[in-house]
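*Asks:* Structure below; questions to follow.
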Amino acid sequence: MKQEFIDAVKSGKVLTKKCTKCGHLHLATVYFCQNCGAKGFENKILDGTGVVATYTIITVPPAGFEKYTPYAWVVMKIDGYEIRISGFLGGIASPAQLPVGAKIKITGYDDRGILLEKQ
């Protein structure tokens, strides 16, 4: 990930690229707008709050992540936008602990990736 994106996440925000022609937002560095094909973009910072769109609970972790289990790998829909971003939410052992639609927020970034917590 680009350092500029990581720095935004560390402060609880999401750096997006906004098409200067149609206003469509993109998460990653893009060369053409996915909506209209234009080439011009400007940075737009979004608040890192949203809701759980979906997730998976990890109880058998990949190597190096044993100390974090159980945890959820969450797809979060950013409040007010159709942008979705995924991240790590620790301490989740069952679906009852994290209903779809639950309010969550970005709290930082480390070796696990984007860190999330319930609000």
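The values are calculated or read from the model by the stated rules, or taken from the named source; none is laboratory data. Note that the structure is a prediction, hence the values are computed from the model and not measured. Glycine gets a Cβ as well: all are built from the backbone with ideal geometry, and neighbour counts include every protein chain shown. For accessibility, only protein heavy atoms count, side chains too; no ligands or nucleic acids. Shrake-Rupley method; radii C 1.70, N 1.55, O 1.52, S 1.80 Å.
*Asks:* Pairs under 7 Å by beta carbon, first residue within 15 Å of ILE78 (Cβ to Cβ) in region 17-30, partner open to solvent by 70 Å² or more (accessible area, probe 1.4 Å) and outside any loop (DSSP other than H, G, I, E, B), six or more apart or different chains?
*Replies:* As it stands, the answer is LYS17/ASN43; LYS18/GLU42, since those pairs meet every condition given.
*Asks:* Oh, and also: Just name the residue that is surrounded by the most Cβ atoms within 10 Å (Cβ to Cβ) out of those in region 4-28 that are polar (S, T, N, Q) and under 24 Å from GLY101 (Cα atoms).
*Replies:* THR16
*Asks:* How about region 4-16: which of its residues are among the polar types (S, T, N, Q) and either in contact with a helix residue (DSSP H, G or I) (Cβ under 8 Å, 6 or more places away or on another chain) or touching a residue at least 24 places away in the same chain (Cβ under 8 Å) (or both)?
*Replies:* Scanning region 4-16 gives a single hit, THR16.
*Asks:* Pick from LEU89, LEU115: which is surrounded by 17 or more Cβ atoms within 10 Å (Cβ to Cβ) and out of contact with any helix residue (DSSP H, G or I) (no Cβ under 9 Å at 6 or more places or on another chain)?
*Replies:* LEU89
*Asks:* The conditions are (1) surrounded by fewer than 16 Cβ atoms within 10 Å (Cβ to Cβ); (2) not in a strand (DSSP E or B), and THR56 fails exactly one of them. Which is it?
*Replies:* Of everything listed in (1) surrounded by fewer than 16 Cβ atoms within 10 Å (Cβ to Cβ); (2) not in a strand (DSSP E or B), THR56 misses just condition (2).
*Asks:* Could you tell me which numbered condition TYR31 fails, if it satisfies all but one of (1) surrounded by 14 or more Cβ atoms within 10 Å (Cβ to Cβ); (2) of a type in the set (Phe, Trp, Tyr); (3) in a loop (DSSP other than H, G, I, E, B)?
*Replies:* (1)
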